[in-house]
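Taken together, the values in this text are just the output of simple stated rules run on the coordinates, not laboratory data. All values derive from a computational prediction rather than experimental measurement. Glycine gets a Cβ as well: all are built from the backbone with ideal geometry, and neighbour counts include every protein chain shown.
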Amino acid sequence: MDDARPAATTGRYIGQRVARKEDTRLLTGRGVYVDDVGVPGMLHVAFHRSPIARGRIRSIDLSAARALPGVFALVTADDLARFKVDMLSFFLAQPVVPVPVLANGRVTYVGDPVVMVVAQDRYLAEDAAGLIVVEYDEEDPVVTLDDAKTGALVHPDTDSNVAAATGAEELDEDLEAALAAAAHLETLAFRHQRISQSPMETRGVVAQPHGSGELTVYLSCQGPQLCARWFAQALELPQTSIRVISKDVGGSFGLKGQPWREEVAVVLGAMLLRRPLKWIEDRLENLTAANQAREQEITLRAAFDAEGRLVASHADYGLNNGAYPQGADSNIAVMMFLWGAHKLPAFSFRARGWFTNTVGLAAYRGPWAIESLAREVLLDRAARRMGIDPIELRRRNLIRRSDQPWTTPMGLELTDISPAECLDVLLQKVDVAAFRAEQAAARREGRYLGIGFATYIEPTAGSTGVAVLMSESAHLRVEPTGTVTAVVSTHSQGHGTQTTMAQVIADRLGVPYEHVEVYEDDSSRGGYGSGAYGSRQAVAGGGACIRAADLLLARIRESAAHILGVRTDDIVLRNGVLHVTGDKPQTVSLRDLADIAYGDPDRMPDGHAGLEAQYRYRPPPITMTSAAHACIVEVDAQTGFVKIRRWVTSEDCGNMINPAIVEGQIAGGLAQAIGSVLMEEVSFDARGNPTAVTYKDYMLPTIFDVPEFEYHHDASMPSQAEGGFRGVGEGGCIVGPPTLVNAIADALIPFGELELELPLTPARLLAHIEQRPEIARPKPAEASEAPAPAADAPADPVPVAAAAHNVPAPSAPQEPFAPASGARIDGGWKFVLSTPMGPQAFDGRLATDGDQLSGVFIMNMDEAHFTGTVTGNQLKWDLKVTKPMKITLKYEAVVEGDTLTGKCKMGVFGSAKLKGERVKG
Amino acid sequence: MSEHAIQLTINGRAHEARVESRLTLSDFLRGDAGCTGVHVGCEHGVCGACTVMVDGAAVRSCLMLAVQANGAAVTTVEGLADDDGTLHPVQQALRDEYGLQCGFCTPGIVMTLASLTGATPATDPDKVMNALSGHICRCTGYQGIRRAARRLAGLAPTQGAPTHG
Ligand code: FES
Ligand code: FES
């Protein structure tokens, strides 16, 4: 299979390092970021925010602020009460707990917005914010993951601090036996620190209400179409009344995927006050009140046979969701991809997201990246302990191209991943034997060099299971002037999609790149698309552009053939000129054809005017990108500083549209990886006060921290998607951390196995080198958590967490679940199922006949019928589904009065809570 | 709040304004003078996005007050390219080397490089790199910025790849 694989291809523009269309305006200061927008009558917003992490608001005194000249309005939650707002997740799911736009009675994290100040300028707005006096009844906050398990409820109306849960609640006996019996068991437990996405442009919005009820929202975001749809659904407004404009965006990395509390407050404030409002987040706000990511703990166990082949594995995982996550999450993708490229017979996991009194969870480039970090670090440790070469250990376990198709225990169907082949290429570029000799020599001089390897696969451009991520659209037209305009549902926050989409269109149509202009900045211009999300734009947007260009080219050729009286086959469009081959060779410019198409349509086929086409492309369900990286470091044993001496990448990213842009994505991700391994950390004190609130405390990599990267694309193979592209947006941020950690651990192995405490600051590395006791810091609760063979819930010492598992189980007929005679089951119900994608609401009907149950779920004009059994008020039924994968869902529920509580077992994905409410009347 | 009359030149044009004493130079340039190419990334002097030239030297305009620029000649990123659109050599080098993605950090980097390169005798390359370490770019991993800076400082754009450590 390896030999027969098609090679990556290039075209006149596709595959070329074409200069970016975005750059001239950005280099000359003529970009338009949201803070560059001003509209007549615009007022400015600042927020008065909570200085405490948790408490009840006793009083708000606005009098001094109101008296300040230049203050226009002071808006509190009461003022916004007239608006109904559902703070939807990115997937447009309802939140698990209600998310207030402004704090309503309680504050839940430091930075929680309490009052929105509207004033003539930002200086005055901040003055006024400082004059507001709020009195609180302060309470002890729940800050860390451990706090969440043992502390008070973050949201008093919930039954536990578990925001989301997936995986098996009970340990699987067979799996535990396999782990225990294996020749080698490796366990890795660590915490990942919290990260601020830190786009250089902070969040910002200008909301401009119009008399007609229309609203223009200038927004720093990841995709204007998705954000317009989000506002429409969250505020229950017709989408056509909302226009989101987002021309240039100064980075996002997951933070700006959807509007959040402050942006919504500004939009509502503009509607309330009937004035345009601007809010530009400052860096202090960004580092304290913008949602963050990555605070996690994981205990990964993996068992190997004597030859180093994986036998079984289990992962126990926790994710800090903060108080108001943008979608409560237990991060199922971690589990999907942990062993997604490995020959692992048996896997099981438990994953939970926890509420805390900290700012909420948002996405960050490769949100599931901890899977690669945990796996690759574990593999290196296991290799050292088993005495196997770490590269050899990987090779024994990776799924090669020749092994595929392959289905993983998590149901991932693999057809064309190639991390092993990427590793092969990498090893041609890095002379490991020569390095080992150099390393040995250096150690004799007291210098510590290390080499680290990691491989990974990355799901890109997914179009399965997530309703907002199914397709992208491209509208193309030849203008009357003969140039080509494209309106595409992609969106750049630095991605350069105006460039790459233009390359694809110019290449496919046969027109000069300079004649193609791409627009993606205005929700009113084009069709729905999610924008930059899930490394999808090259694959999904590129595919849409190819198909639309093919349609447009067909129209051009047919029109020209009709007008000239020749066969369509005799017409070729090259460099913007139509060449007629055959008996009467001649050339016609696209401009001349456009003149006729718009000005003299009677000469066109069927008399249709214009030259336009559009296509909405749905890419394959998942397009996989693979890579292997190596890096070489030197750790200074005197200072603990890490110098990265070399970093080599080898990836399979399919056909590349623009190698410079591909490499830019890889490099940007790797720089962020370096930051997360060596320096970045959002930290809190015990009262939940953020302690890194400027860029003097929240350290970001500078030019001296990031080495020159070497790229090798030799392992690339076209994907199944149109154009053969694969996504590369997130990979560097996923494979980078383990590559670097493994190199540092290798360098410092003379001092013993390095404990993984992120970030690996000079102080921590020095402590390891000098064998000093570690800086006091809580450790993951591995002892009490994962390996305990007891049932899962009791492993958490606290009733709060146990409540999460308080679902009916026939084996534990406690008081609330005792059969209540005469419970009425039959009739209509409204259900909410807490899926890994967020809560899903749907209608249904249940009917009983003796001990027989029949029912139907009704969702999206689709019905799912099932039958089951009834025992008293306890119900059981199975439901087979085929999407997003084939799986039998096993339901158990109890009816009490007008409510139904139960769970749905989703195979390897664990169980989801089901709640039902009787439809009255 | 006290107001002060200031006079300065911005990109070669004379400007007069009355400003509050607390108004930062960055806010003045963006708001009053319309130079929105001056980007504000942190407002505390770390990110470098707001860098402009004041009397030829690179300065963080978020750390300077507008009143302090009274009498000065200020150049922003808008003032570098020729009127016919020809890019300044620094801008051209960054464009050729893919030295930007989102472009938010870019104006500051352009101004620092413009203040240090192009002179005779050439500025020491180490000094150029040291100055760049005061700029944060979250997008590019500095690859194209470094290549452009090396070229502008008279070096080969890359160091070349060894076969091992
Ligand atoms: S905005 Fe001036 S240095 Fe960051
Ligand atoms: S290009 Fe985005 S911060 Fe530098």
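Table for the structure above
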| item | result |
| --- | --- |
| The range B:89-152: C-alpha gyration tensor shape, a/c 1.5 cut-off, then a/b vs b/c | prolate |
| Net charge contributed by nearby residues that have their C-beta within less than 12 Å of A:ARG54 (K/R +1, D/E -1) | -3 |
| Percent breakdown of C-alpha pair distances by 10 Å bin, ordered from the shortest bin, for the range B:3-78 | 22, 61, 17 |
| Given A:LYS883/A:LYS913; A:LYS84/A:LYS915; A:LYS149/A:LYS905; A:LYS696/B:LYS127; A:LYS278/A:LYS830; A:LYS830/A:LYS905, the pairs whose alpha carbons are separated by over 31 Å | A:LYS278/A:LYS830 |
| Other protein chain Cβ atoms within 10 Å, averaged over every residue that makes up A:29-37 | 5 |
| Calculated on alpha-carbon atoms, Rg and Dmax of the range A:401-451 in Å | 17.8, 50 |
| Where N is the number of residues in the range A:228-318, Cα Rg divided by 2.2 N^0.38 Å | 1.78 |
| Mean-position separation - Cα centroids, the range B:71-124 and the range A:179-243, in angstrom | 33 Å |
| Averaged over A:59-70, number of beta-carbon atoms from partner chains that fall within 10 Å | 0 |
| Other-chain or far-sequence residues with amide H under 5 Å of A:LEU171's (modelled H) | A:ASP792 |
| Prolate/oblate/rounded call for the range A:586-626, Cα gyration tensor, a/c under 1.5 rounded | prolate |
| Residue-averaged beta-carbon neighbours from other chains (10 angstrom radius) around A:423-436 | 2 |
| Mean Cβ neighbour count within 10 Å, used as a protection proxy, ranking A:70-79, B:108-117 highest first | B:108-117, A:70-79 |
| Distance from the range A:109-174 to the range A:290-369 (C-alpha centre basis), Å | 22 Å |
| Residue of B:CYS47, B:CYS102, B:CYS62 that the Gaussian network model of chain B assigns the largest fluctuation, springs spanning Cα pairs under 10 Å | B:CYS102 |
| Residue order, fewest to most beta carbons within 10 Å, for B:THR123, A:THR460 | B:THR123, A:THR460 |
| Sorted peptide list for B:78-85, A:542-549, criterion being average Cβ within 10 angstrom, highest first | A:542-549, B:78-85 |
| The range A:29-72 - Debye-derived log10 I(q)/I(0), Cα point model, q = 0.13, 0.25, 0.31 Å⁻¹ | -0.57, -1.03, -1.23 |
| Residues A:ARG385, A:ARG845, A:ARG508, A:ARG191, sorted so that the one with the fewest Cβ neighbours within 10 Å comes first | A:ARG385, A:ARG845, A:ARG191, A:ARG508 |
| The range A:142-245: chymotrypsin sites (Phe, Trp or Tyr not before Pro) in DSSP loop, at most 13 other beta carbons within 10 Å | none |
| Burial ranking of peptide ranges A:719-729, A:399-409, A:304-314 (average Cβ count within 10 Å, highest at the top) | A:719-729, A:304-314, A:399-409 |
| Relative contact order computed over the range B:89-152 (Cα-Cα under 8 Å; 6+ residues apart), in percent | 55 percent |
| At least 30 Å along the helix axis (C-alpha) and Kyte average at least 0.0, DSSP helices within chain A | A:542-564 |
| Cα convex hull of the range A:85-155, projected area averaged across orientations, nm² | 6.9 nm² |
| For the protein assembly as shown: rounded, prolate or oblate by the Cα gyration tensor [a/c cutoff 1.5] | rounded |
| Residue order, fewest to most surrounding Cβ atoms within 10 angstrom, among A:SER473, A:SER589 | A:SER589, A:SER473 |
| Inverse mean reciprocal Cα-Cα distance (Kirkwood Rh) of chain B, Å | 16.5 Å |
| Around A:LEU179: net Lys/Arg minus Asp/Glu count, Cβ-Cβ under 11 Å | -4 |
